[in-house]
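The values are calculated or read from the model by the stated rules, or taken from the named source; none is laboratory data. The structure presented is a predicted model; accordingly, all values stated were derived computationally and were not measured. Cβ coordinates were reconstructed from backbone atoms using ideal geometry, including for glycine residues, and neighbour counts include every protein chain displayed.
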């Protein structure tokens, strides 16, 4: 951390900053420059809150040199982390993993129908919300435990693994009984009570980027999971808030190579929420895999025009078949392959 | 709700939209125009998810005419809602209510010292975090129950009411035992499990706007509280994410008159988080009150340079005294007055 | 256009809106609904400024049904527009066109060196700024006419076509003498005097999206060119302003399929400005082509560490060779091919 | 400027950075830390483009310590700059200056009518567009020279000074003949050819912040004017692009105290464009003056519902009278006064 002094800072002001640093148990290293003095802080273990210096007299700004996260960083662990799933499936290795299914579990026939369809098309993991976070209290909130039960049945019938969302600490335990991956949704990326509980679960976690979260904040939320002992983490880019109503969100495809450089964790992409528009899902799925995504999360509904939520961005099964065909070819250009269905015990 | 058809939409496509509407139990009203046809949906009770039409063949876009919220709206209740607090204090009436205190409760001497100082300066409610949502797992996370205990003591000693944050459903009960107002923080504005629990608490709720929440989303989160039966709600503008690093957030002062027009709920402003910069807090507190804010939430610390969190945006007690003096004069221009300390039973 | 009345609007208020519409020479079509009345405007030729209704008594909001642009839209012209360049090169057809070169023309040896290198690697158009729009008046502003002269020489020597930016109306004439494509930069996307002049030039125009321009605004700026008679237009996505300092801009790859749906104009992508980070250029070039981009604009510098501008985002020639290899394979997956060098007369 | 090396940077990589700095004629000052080495650059005169270091091997990031602007900064000139206008009127001193008038000059009766009305209400400067930058080529583009002529007549009749916009370098000369202040609009904030010409005009310039411009970029655009010799500059906050459709723009009131700290230049506020909503103009005018604005720019139209542009955000004359009354009272709280009409020679 560096404390940059104003051009006009007095010697007394500089001395006070030095003193404040030393009082906290660190070493201060003043570096006088032609235009102004900068004071470096040595021995900072990352717990230091630099904001306390910002408003001291004579201080121009405080600059954080070290990244605030640790265990998620590439500097901490150079090789890619690989998440291991039942049946030998992995995320973060050579394979590109396709997760697909409806926004919400609506009925037995719906979820079983989609599950068979997406398995046939090439998906290996079934998505589907049992507990739905909805902006309005009057929107459909999911089938709850009944939805989990239907997911369990779909898993048994098709051999697909299951990813589904937990909304609160108690929900983590319920979801963990059924799902192979516990999803933390975008609205809950900084629900730290939820993160701590998920960090103690014995299941992999899919952590979606918040609607206005920086990459640093996403990585710090993943750090909560690691700090609790869970290192089976998959990150997910799903679009951030922008100014243009032409799309529901701005799908930040660049986040994929950015995360890959900063962190050893795998990252997948959700072009369904990322764009919010059905006819943009396939081109942006191609783009995400071309940028290096380790997997895709795609909304598929047997009859999108009648979906209880997110119909406008769901693919019909036939459209998903075509998506898989195209994505497979893109993956091969990058020397990767789309994961084949695993056998579930 | 209106479904706007493309210029080139066929009669069959229009008929299919009409049919879809009627299948859901609503009336469809096609309105042919010179350039294109629009289909109105009559009898929509707000539960209808328009997204299912967006991707139907021949549809250009879906337009929501009715606001998605109900009980929070001015159309539902024309007169201002007033939140009633112990000792006769009210929020949402003529008075401008000042809440002040440290970001975090750090120690008994700190919280008692600040409490006396802000009470003397003119605050009537003490703020101070016991449970702190922190971006990094390695940052100070608050004193927890011990912090609540210290707030209770400060309340007894000074007669100030207390507002403090709950982070999860269980925390709501703990906080409700001590606090006069339960705070839902910006990161949790769409933590719906938390909102539902707070909606069932018998205490007023301070709901802060999320870092990238629209006004509509803020009002829908408040609707969650109302839908559970809690109508003692205070909204809070605290800055949204922007592109300019010159300030920590973009303090959206206009949200104040916007909320006042759309809703009957009171709204206060937090210029400390809104700007993130100590020397901008007082001018922006003036601005917020000039725009019609029903109160202010201000961070005050006895020694901001040594605060364990948010030091850069906290005022020293003497600066807060000056803020109150200025705000008082602005309130009078608007025919309002700064609330005087209440007597707590 | 639709004028939506408030729930509480009186008959007199509705009548006043109807009257206002008819006074302007359009037909008003009131549509009473269960919750509120909507008044449609028929015969609106796109010149009507709806904002005048917004503040009339009883009006809730005004909704624009028709897109504000005409000639750029797919509804106006269903088939793709193809831009024709000397030597038979086209943009907007099957080929993916690679434009590459330095941010600024710095010297004869620099520009000739890069030109030969990028031609060998597979580029068919040379980019390089002679007139540079710089945020600071103290930054290098380009070589001006001397830079144009060097571009002319590079064109002659290598057979590459040339794209370079014009900053003002007079500059359009200077640039048009040398360049095959006149570039309008992001900062000037709404410099309407410049657009009008470029619309009267007899050369194709590369129009870059403004840093915070919506797709609609981009298309309306292109409409300025078409309205002046120039239909040889190439659009360019180059990143928009976002909140995350992890990248220089948010590279909005989704803009590519969005533009392709709304408009018949070709669109290319500039991942160099889009990301601002050298090691993100190649993955995002792959992503852009995978999303359907009709070409790429890439910064290449013989010695990026010593570039006078934009060094951090420029590729070294060897990196560009690798980019072309990868992009070629992605284009083939989509049934396209990277354009081969043309013969210039 | 500081070049921060990666934790793993080798001695050779550090040496290469040092060498690169010295080759450019500056001194390098390597500062080894516990976690990584930082290399300071001494003697940097602000012309150095740090981006060339960003991508050198072993470099983590480059940090700009010195602000990139000079003459606009408070460090350059500590006391407030005051802009002097005919008749003794000043901007940037004790007075709060009110500029008002229609978006566009539409006719003689319109502009004379508004001019008399706003003068009576307390405005001292008449605004009104003769050359209008419009997003669509099919929107009303202003009366041009005829509009300037009408502004000249209004100035003579009422004694109001005149501010009006120039769209291109030639327009600067035309506008300078009539106007007391040349306006550079938001879309042209980085039209550097226009800035250079305005910097050579002998008239004060009103420079509006671009729709997505940072404060630093605004100040650098003002630096263009200063660099050409024009120090009679008034900045203007007019709203930036945001994500919430509830308002046309996000009116960044905090920009006012931010600019006042960084720069000696005066800054006024335009709540009409800032909010885009008529009923938000008066509360936000109060807020802007409460935050320290040196003046206001307000759209007033004799019959807003029939305005040819921006009707939804224009005040009727009676509403402006009330705005002035309220703003006058706020100004007095801050120890300022609203400027009285000057006598024009």
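Here are the numbers for the structure shown:
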| quantity | calculated |
| --- | --- |
| Residue list for the range C:323-340, filter: part of a helix (DSSP H, G or I) and either touching a helix residue (DSSP H, G or I) at 6+ places or on another chain (Cβ under 7 Å) or outside the structural domain of residue C:282 (by TED's automatic domain parsing) (or both) | C:323, C:324, C:326, C:327, C:329, C:330, C:331, C:333 |
| From the options B:86, B:102, residue that is in contact (Cβ under 8 Å) with a residue 60 or more places away in the chain and away from every other protein chain (no Cβ under 14 Å) | B:86 |
| Residue that is within 9 Å of another protein chain (Cβ to nearest Cβ), modelled with pLDDT of 85 or more and in contact with a strand residue (DSSP E or B) (Cβ under 9 Å, 6 or more places away or on another chain), where the choices are D:6, D:35 | D:6 |
| Hits in the range A:243-256 (condition: in contact with a helix residue (DSSP H, G or I) (Cβ under 7 Å, 6 or more places away or on another chain) and surrounded by 24 or more Cβ atoms within 10 Å (Cβ to Cβ)) | A:251, A:253, A:254, A:255, A:256 |
| The range A:142-153 - residue that is surrounded by fewer than 18 Cβ atoms within 10 Å (Cβ to Cβ) and either away from every other protein chain (no Cβ under 14 Å) or modelled with pLDDT under 90 (or both) and, of those, farthest from residue A:173 (Cα to Cα) | A:153 |
| Residue in the range A:41-54 that is part of a strand (DSSP E or B), within 14 Å of chain B (Cβ to nearest Cβ) and surrounded by fewer than 19 Cβ atoms within 10 Å (Cβ to Cβ) present | no |
| So residue B:160, is it crowded, with 24+ Cβ neighbours inside 10 Å, closer than 14 Å to residue B:86 by Cβ and assigned by TED's automatic domain parsing to the domain that holds residue B:228 | yes |
| Residue D:239 vs. criteria surrounded by 23 or more Cβ atoms within 10 Å (Cβ to Cβ), over 18 Å from the mean Cα position of the chain (by Cα) and assigned by TED's automatic domain parsing to the domain that holds residue D:119 | no |
| In the range A:78-115, the residues that are buried (at least 18 other Cβ atoms within 10 Å of the Cβ) and closer than 12 Å to residue A:151 by Cα | A:101, A:102, A:104, A:105, A:106, A:110, A:111, A:114, A:115 |
| Where residue C:25 falls short, out of the listed (1) at positive phi; (2) outside the structural domain of residue C:328 (by TED's automatic domain parsing); (3) surrounded by 21 or more Cβ atoms within 10 Å (Cβ to Cβ) | (3) |
| Among residues of the range C:71-93, those that are at pLDDT below 95, under 22 Å from residue C:203 (Cα atoms) and assigned to a loop (DSSP other than H, G, I, E, B), counted | 4 |
| Condition broken by residue D:73, with the remaining ones in (1) touching a residue at least 12 places away in the same chain (Cβ under 8 Å); (2) closer than 30 Å to residue D:314 by Cβ satisfied | (2) |
| In the range B:200-217, residue surrounded by the fewest Cβ atoms within 10 Å (Cβ to Cβ) [restricted to those that are within 9 Å of chain A (Cβ to nearest Cβ) and part of a helix (DSSP H, G or I)] | B:216 |
| Among (1) out of contact with any helix residue (DSSP H, G or I) (no Cβ under 8 Å at 6 or more places or on another chain); (2) more than 14 Å from chain C (Cβ to nearest Cβ), the one test that residue D:177 misses | (1) |
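Residue-wise test of (1) within 13 Å of chain B (Cβ to nearest Cβ); (2) in contact with a strand residue (DSSP E or B) (Cβ under 7 Å, 6 or more places away or on another chain).
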residue: A:17; (1), (2): yes, yes
residue: A:24; (1), (2): yes, no
residue: A:57; (1), (2): yes, no
residue: A:63; (1), (2): yes, yes
residue: A:74; (1), (2): no, yes
residue: A:78; (1), (2): no, no
